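Here the structure comes first, spelled out in structure tokens, and everything after it is commentary.
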């Protein structure tokens, strides 16, 4: 029986979420930045996708193991989410993925410039990329619609327990909340597991009752 909690600490032991087809490994890197990195591994082929090569390339590469690592998805342009990207990409030959609106601001070449609804396959696992604009113009979430259970969603800094990611203007906040409501909450069930870019996990069901409060408070 899985004992996954989703709680990890900087430099601490990774946590492992065992699904029927996918194994999710979560670790915190970057010291006080406490960035989450996630390795998604097809348990049968070993093929992997990494969400955010944030920092500490040696630790990230150790988490990936023998792989092969097929893709590195950078959820957005902020430097604390791609600090290890150059080293990880060079060591593994993985395809680097970012949204078209953020890719030019990431100083590691983007191999695959992504758009809303694009899909990535590694082994027999397929994930969908969802564009969420507001925290940055080109924020991405990664959705695994598990055929054997609830969906799993990696949200970068767009959605956390208790609220959205930081935005710099009322327009950016409205854009992000509109995208999160329409593309995530309106589409996916309450049981959807949410893995954010920092801190502990949550579910859409735990956050859904707060949507009106978030809109009222404007952050």
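The values are calculated or read from the model by the stated rules, or taken from the named source; none is laboratory data. Bear in mind that the values here come from a model prediction, so they are computed numbers and not experimental data. Cβ coordinates were reconstructed from backbone atoms using ideal geometry, including for glycine residues, and neighbour counts include every protein chain displayed.
Could we say that residue 117 is touching a strand residue (DSSP E or B) at 6+ places or on another chain (Cβ under 8 Å), in a loop (DSSP other than H, G, I, E, B) and buried (at least 22 other Cβ atoms within 10 Å of the Cβ) here?
Judged against the criteria, residue 117 is not a match.
Given the criteria crowded, with 20+ Cβ neighbours inside 10 Å and either in contact with a strand residue (DSSP E or B) (Cβ under 8 Å, 6 or more places away or on another chain) or modelled with pLDDT of 95 or more (or both), does residue 54 qualify?
When the stated conditions are applied, residue 54 passes them.
Consider segment 192-218. How many of its residues are in contact with a helix residue (DSSP H, G or I) (Cβ under 7 Å, 6 or more places away or on another chain) and either surrounded by 12 or more Cβ atoms within 10 Å (Cβ to Cβ) or assigned to a strand (DSSP E or B) (or both)?
8
Under 6 Å between Cβ atoms, which residue pairs at least 6 apart in sequence (or on different chains) link something in segment 148-162 that is at positive phi with a partner that is part of a strand (DSSP E or B)?
From segment 148-162, the pairs are 156/139.
Scan (1) part of a loop (DSSP other than H, G, I, E, B); (2) touching a residue at least 60 places away in the same chain (Cβ under 8 Å); (3) under 17 Å from the mean Cα position of the chain (by Cα) for the single condition residue 188 breaks and write down its number.
Here residue 188 clears every test but (2).
Which of the residues spanning segment 55-106 are part of a loop (DSSP other than H, G, I, E, B) and either without any contact (Cβ under 8 Å) to a residue 24 or more places away in the chain or within 22 Å of residue 124 (Cβ to Cβ) (or both)?
Scanning segment 55-106 gives 65, 66, 67, 68, 93, 94.
Which members of segment 1-28 meet the condition of being touching a helix residue (DSSP H, G or I) at 6+ places or on another chain (Cβ under 7 Å) and assigned to a strand (DSSP E or B)?
Scanning segment 1-28 gives 10, 25, 27.
Could you go through segment 29-47 and let me know if any residue there is under 17 Å from the mean Cα position of the chain (by Cα), closer than 22 Å to residue 143 by Cβ, assigned to a loop (DSSP other than H, G, I, E, B) and at pLDDT 95 or above.
Within segment 29-47, not a single residue is under 17 Å from the mean Cα position of the chain (by Cα), closer than 22 Å to residue 143 by Cβ, assigned to a loop (DSSP other than H, G, I, E, B) and at pLDDT 95 or above.
The rows are residues; the columns are (1) modelled with pLDDT of 95 or more; (2) out of contact with any helix residue (DSSP H, G or I) (no Cβ under 9 Å at 6 or more places or on another chain); (3) over 19 Å from residue 176 (Cβ atoms); (4) crowded, with 16+ Cβ neighbours inside 10 Å.
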{"site": "99", "(1), (2), (3), (4)": "yes, yes, no, yes"}
{"site": "102", "(1), (2), (3), (4)": "yes, yes, no, yes"}
{"site": "127", "(1), (2), (3), (4)": "yes, yes, yes, yes"}
{"site": "136", "(1), (2), (3), (4)": "yes, no, no, yes"}
